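Everything on this sheet refers to the single structure shown next.
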Amino acid sequence: GEIDAIALEPSDIAAVEGTPGVVVQHYPTRSFTYYEFNLNKDVTTLWQDQQVRQAMLYALNRESIVNDILLGYAEVAQGTQPVISYAYAPDQITTKYTYDVEKAKSLLAEAGWTDSDGDGVVDKDGQSLAFELLYGSGSPTADQMVAYLQDAWKAIGIDATPRALEFPALIEATTTNLDWEVAMYSFLWDATFIQDPMFGCNQYQVGFNDMKYCNEHVDELNAEAKRTFDEEKRRELLIEVSNIVNDEQPIAVLHFSQAHDAHNEALQNYIPSTWGTDLTYVWIQQ
């Protein structure tokens, strides 16, 4: 009775749901979980080949992530537009990263990455495909997910070493220090669902393009989307952007998130949603 409202992790839901006097709500969000690559070749050359980035996503059973770690409270991502977006169109995403370990291994081999010394880690030109995976500390769900990523990549000969950081340190590591390799984050789009804050060529320092990703055609499409008032035409532009980014994989979107909220039933007019919670007319019923 000391807390009026709180956000829940998936692992908390079963323990809270059904508790007398507590209301639990689930709703889709603009959020998604992803890992990103440092594409700055002056820092690391591991991620210059698109096939390597694609292989890593093919190696993941994202259905298992959703069902076993998130307990069904998410949607496997197809493209970059979340379920709640007017540009969500999984049927129009041309590259589907299904769980395919053999395809992942084949892509690595085509890119020249093989286990030449038999140590279980693929290598190329004397360099092993090994890296540090940064992620935010404090979430049991994130800990489980990172442990799964590590195991799944190990199965195709990729060696990831997880390191959990407090969120301010994680932000600093990917925006200030710049010597990171791969990082896992969650993020959310604004109501336009135009994604240039993350994928724009000019967003290296002022936006969220930690990856140093740049595709001028993507910039052109996003700029046109900003000038397009017709929603269906704008939707088609954003789907095209989603397909390009999905193919090039500067980030790998794992799943589109749901949010879970529990509140005391005495808290009246409390309606959380993906657009935020209006607390102007909330009161406690004595």
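The values are calculated or read from the model by the stated rules, or taken from the named source; none is laboratory data. Note that the structure is a prediction, hence the values are computed from the model and not measured. Cβ sites come from the backbone with ideal geometry, for glycine too, and all protein chains shown count toward neighbours. Heads up: the accessible areas ignore ligands, DNA and RNA and are worked out on the full protein's heavy atoms, side chains in. Shrake-Rupley method; radii C 1.70, N 1.55, O 1.52, S 1.80 Å.
What to note about this one:
- Any hit, segment 174-185, residues being part of a loop (DSSP other than H, G, I, E, B), under 15 Å from the mean Cα position of the chain (by Cα) and modelled with pLDDT under 95: no
- Members of segment 130-166 found to be open to solvent by 50 Å² or more (accessible area, probe 1.4 Å), of a type in the set (Gly, Ala, Ser) and modelled with pLDDT under 95, listed by number: GLY138
- Residue in segment 168-176 that is crowded, with 17+ Cβ neighbours inside 10 Å and polar (S, T, N, Q) present: yes
- Boolean, ALA223 is within 30 Å of VAL16 (Cβ to Cβ) and more than 20 Å from the chain's Cα centre (by Cα): no
- Pairing residues of segment 90-105 that are at pLDDT 95 or above with residues that are surrounded by fewer than 16 Cβ atoms within 10 Å (Cβ to Cβ), at Cβ distances under 8 Å and at least 6 apart in sequence or on separate chains, gives THR94/ASP247; THR95/ASP247; TYR99/GLU63; TYR99/SER64; VAL101/ALA155.
- Within segment 237-263, the set of residues being open to solvent by 40 Å² or more (accessible area, probe 1.4 Å) and polar (S, T, N, Q) comprises just one member, GLN258.
- Every residue from segment 7-23 that is part of a strand (DSSP E or B) and in contact with a helix residue (DSSP H, G or I) (Cβ under 9 Å, 6 or more places away or on another chain): VAL22
Conditions (1) touching a Pro at 6+ places or on another chain (Cβ under 8 Å); (2) part of a loop (DSSP other than H, G, I, E, B), marked per residue:
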| position | (1), (2) |
| --- | --- |
| GLN25 | yes, no |
| THR33 | no, no |
| VAL43 | no, yes |
| TRP47 | no, yes |
| VAL52 | no, no |
| MET56 | no, no |
| SER85 | no, yes |
| TYR99 | no, yes |
| LEU133 | yes, no |
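- Of all residues in segment 235-248, none satisfies being of a type outside the set (Phe, Trp, Tyr), at pLDDT below 90, out of contact with any Gly (no Cβ under 8 Å at 6 or more places or on another chain) and more than 28 Å from ILE65 (Cβ to Cβ).
- Of note, GLU9 satisfies the criterion of being more than 30 Å from ASP247 (Cβ to Cβ) and either open to solvent by 50 Å² or more (accessible area, probe 1.4 Å) or in contact (Cβ under 8 Å) with a residue 24 or more places away in the chain (or both).
- One residue stands out among those in segment 49-86 that are charged (D, E, K, R) and touching a residue at least 12 places away in the same chain (Cβ under 8 Å): the one that is nearest to TYR35 (Cα to Cα), which is ARG53.
Residue-wise test of (1) over 17 Å from the mean Cα position of the chain (by Cα); (2) of a type in the set (Val, Ile, Thr); (3) closer than 24 Å to MET211 by Cα.
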residue	(1), (2), (3)
GLY72	no, no, no
ILE84	no, yes, no
TYR88	no, no, yes
LYS103	yes, no, no
SER106	yes, no, no
VAL146	no, yes, yes
LEU149	no, no, yes
ASP159	yes, no, yes
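- Taking the criterion of being open to solvent by 70 Å² or more (accessible area, probe 1.4 Å), assigned to a loop (DSSP other than H, G, I, E, B) and not acidic (Asp, Glu), the residues of segment 112-129 that qualify are SER116, GLY126.
- Positions within segment 188-231 being touching a residue at least 40 places away in the same chain (Cβ under 8 Å), open to solvent by less than 10 Å² (accessible area, probe 1.4 Å) and assigned to a helix (DSSP H, G or I), in sequence order: MET198, PHE199
- Restricting ILE93, ILE65 to those that are out of contact with any strand residue (DSSP E or B) (no Cβ under 9 Å at 6 or more places or on another chain) and surrounded by 19 or more Cβ atoms within 10 Å (Cβ to Cβ) reduces the list to ILE93.
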